[in-house]
Each structure stands twice: as structure tokens, then as C-alpha cells.
1. For Gly4, which of the numbered conditions (1) assigned to a loop (DSSP other than H, G, I, E, B); (2) over 30 Å from Arg119 (Cβ atoms); (3) modelled with pLDDT of 90 or more fails to hold?
2. Pairs needed: first member in the stretch 89-105, within 13 Å of Val58 (Cβ to Cβ) and in the same structural domain as Gly62 (by TED's automatic domain parsing); second member anywhere, acidic (Asp, Glu) and modelled with pLDDT under 95; C-beta distance under 7 Å; at least 6 residues apart or different chains.
3. Can you name the condition, by its number, that Val58 falls short on among (1) modelled with pLDDT of 95 or more; (2) surrounded by fewer than 15 Cβ atoms within 10 Å (Cβ to Cβ); (3) not in a loop (DSSP other than H, G, I, E, B)?
4. Given the structure, is Val147 free of Cβ contacts under 8 Å to residues at least 60 places away in the same chain and in a strand (DSSP E or B)?
5. Residues Leu153, Leu148: which one is closer than 17 Å to Ile70 by Cα and over 19 Å from the mean Cα position of the chain (by Cα)?
6. If I ask for residues that are among the polar types (S, T, N, Q), under 24 Å from Ala137 (Cβ atoms) and outside any loop (DSSP other than H, G, I, E, B), which ones from the stretch 61-99 would you list?
7. Among residues belonging to the stretch 111-146 that are of a type in the set (Gly, Ala, Ser) and exposed (fewer than 13 other Cβ atoms within 10 Å of the Cβ), point out the one that is nearest to Cys74 (Cα to Cα).
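The values are calculated or read from the model by the stated rules, or taken from the named source; none is laboratory data. These numbers come from a predicted model, not from an experiment. For neighbour counting, all protein chains shown are included, and Cβ atoms are generated from backbone atoms with ideal geometry for every residue, glycine included.
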Amino acid sequence: MKSGGEVPGVGVRVFSVLLLVTVLSPVVQNFRAHPIDGFPLSYYPMFSKHRHGRTSLVHAVGRRADGTSIDLDCRFASTGGMNQARHKMNRMVKGGRSSVLAKTVARRVRRQGVAERERLVSIQIVRDTFVFDRFFAGDRTPEKRRVLGQRKLAREQGK
């Protein structure tokens, strides 16, 4: 009973039960062999999928003569937003065109003056593998780096 002595009406109780069933309904997907995603009560496994503690990322790196490097913005690889650029980079790597991608990035880095300002001697397209625990603890060093494509930057005459 409510503090005023009234029992909630049937409508309120039915609404509460329906709301509870609706909110909990996606849990059923946990027991299906092939879960079905149904917006707006999505089962999308973005946060629930086990990722084995590591992930890989394809990106462009500028190398200096002294061996140091800088990560280059993905927009050197493609016009558009980050997702579009990452998608294009992954597609080119899968298609065996990492060297073409490195050439494109090198041309844009040179054109925008980044190569000279940062004293870059080459561009590499790499696949870095990161360990989540280390990465989110502040260690941004990749566990593994694989060079997929490379392009040397030509020095301008007289410099």
C-alpha cells in the first residue's frame, strides 16, 4: 500500500510490468545461437565482445634519420573523416597496395610542409598491435609493429 493508503491502479501495475519486460527482453539474445539485433533494444556486442586483450591498428608513421618517428594524422591517407580514412587504409592494405598508400601519404606530407618541419626521411604504413591493459595504463608503445609499406622522402635540391 502507498503511504496515503491507496493501492496503485491496475493500469500502473500493467505498465510497470510491460516496461520491465521490454527493458529485459534483449537478455534473451544471450541464449540464442545467432543473436538478432533489434533497434532500439539492441544486442550489438560492441562492448560485450571479448577482444582477447589486444587490438591492431593500421596507420602511417613518419621516420626521421635518427630513428625516431611520429604518428601521422590519418587525413594524410584520405580526405574525409577518421572512419573513412581508416576504412580506406585497411582496404588498401588488404588489397596489397600498402606501397601505393605510403606514396600518397608521402606526397601529402611533403606538400603540407610536415616532412621538412619534422625532418622526416621516410613514410611507413604499419600495423601496430597494442595490449589494452598497458595502453590504458599510459604505455602507448605497441607490443608488435609490422611495416607494410614504405616510401622514402626525396630531399629538395640545395638543402
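1. Checking Gly4 against (1) assigned to a loop (DSSP other than H, G, I, E, B); (2) over 30 Å from Arg119 (Cβ atoms); (3) modelled with pLDDT of 90 or more, the one that fails is (3).
2. Nothing qualifies.
3. (2)
4. yes
5. Of the residues listed, the single one that is closer than 17 Å to Ile70 by Cα and over 19 Å from the mean Cα position of the chain (by Cα) is Leu153.
6. Ser69
7. Within the stretch 111-146, the match that is nearest to Cys74 (Cα to Cα) is Gly113.
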